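Notes follow the structure.
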Amino acid sequence: MLGFWVTPEDQTLPNPADLVDDAWDESERQWVAEYLNRGQFAGGWMGSSRCRICSRVNGYRDFTDGFYLWPEGLAHYVLDHAVRLPTEFFEHISQRHEALEELERDISWWRQNAANT
C-alpha cells in the first residue's frame, strides 16, 4: 500500500505535505501520475476522500497494479502538489514498463480465433 496518509486514528502514516518536492521534474510527475491513473479497480468506499493539502474531492476508489495498492487520488498529489513517492515505487514502474516493452508480440492466437467468430 502507498499513498494513504496520516489520520487522527493512525498517526504513523506519512503526511503528504512532508513529501512535497517542488524541484521534481513535471514530465516525470506526469509519467508517474499516468501510471497511477491506469491502475485496476481494487475496491471502493462509501464516501469520497479529500486532498490533505488543498481539500479537493479526491475519489472513493482504490487501484492496484497487482503489486501495490493506492487510493484513486494519489495521482493528484503527484501531479498537482509534487508529492514524491518512494524511489522503490518509481523503480517498480520503470521495471514494469521495460518488461512490457520487451514482450514478444504474437498475433497468431488472434488471427486464429478471430477467424472462428
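The values are calculated or read from the model by the stated rules, or taken from the named source; none is laboratory data. Here the structure is a predicted model, which is why all the values come from computation and not from measurement. So basically every Cβ, Gly included, is an ideal-geometry build from the backbone, and we count neighbours across all protein chains shown. For the accessible areas, the whole protein counts, side chains as well, though only heavy atoms, and no ligand, DNA or RNA atoms are used. Shrake-Rupley method; radii C 1.70, N 1.55, O 1.52, S 1.80 Å.
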| message | Quick check on the stretch 40-62. Is at least one of its residues touching a helix residue (DSSP H, G or I) at 6+ places or on another chain (Cβ under 9 Å), crowded, with 17+ Cβ neighbours inside 10 Å and within 18 Å of F90 (Cα to Cα)? | response | no
| said: Between a residue in the stretch 92-105 that is open to solvent by less than 100 Å² (accessible area, probe 1.4 Å) and any residue that is part of a helix (DSSP H, G or I), which pairs come within a Cβ distance under 7 Å, given they are 6 or more apart or on different chains? | reply: I93/V32; I93/Y35
| said: From the list R96, R105, R84, exactly one residue is basic (K, R) and closer than 14 Å to L19 by Cβ. Which is it? | reply: R84
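The rows are residues; the columns are (1) at pLDDT 95 or above; (2) part of a helix (DSSP H, G or I).
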{"site": "P8", "(1), (2)": "no, no"}
{"site": "T12", "(1), (2)": "yes, no"}
{"site": "A17", "(1), (2)": "yes, yes"}
{"site": "F41", "(1), (2)": "yes, no"}
{"site": "M46", "(1), (2)": "no, no"}
{"site": "G59", "(1), (2)": "no, no"}
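Name the single residue that is most open to solvent (accessible area, probe 1.4 Å) among those in the stretch 77-91 being in contact (Cβ under 8 Å) with a residue 40 or more places away in the chain and touching a Cys at 6+ places or on another chain (Cβ under 9 Å). Steps first, answer last, please.
Kept after step one, since they are in contact (Cβ under 8 Å) with a residue 40 or more places away in the chain, are these residues of the stretch 77-91: 77-79, 81-86, 89-90.
From what's left, touching a Cys at 6+ places or on another chain (Cβ under 9 Å): 77, 81.
Details: Y77: 8, H81: 37 Å².
So the residue we want is H81.
Condition first: among the aromatic types (F, W, Y) and at pLDDT 90 or above. Can you find one or more residues in the stretch 95-115 that meet it?
Within the stretch 95-115, not a single residue is among the aromatic types (F, W, Y) and at pLDDT 90 or above.
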| field | Those residues of the stretch 1-34 which are surrounded by 11 or more Cβ atoms within 10 Å (Cβ to Cβ), within 18 Å of P71 (Cα to Cα) and among the hydrophobic types (A, V, I, L, M, F, W, C), in sequence order | value | L2, F4, W5, V6, L13, A17, L19, V20, W31, V32, A33
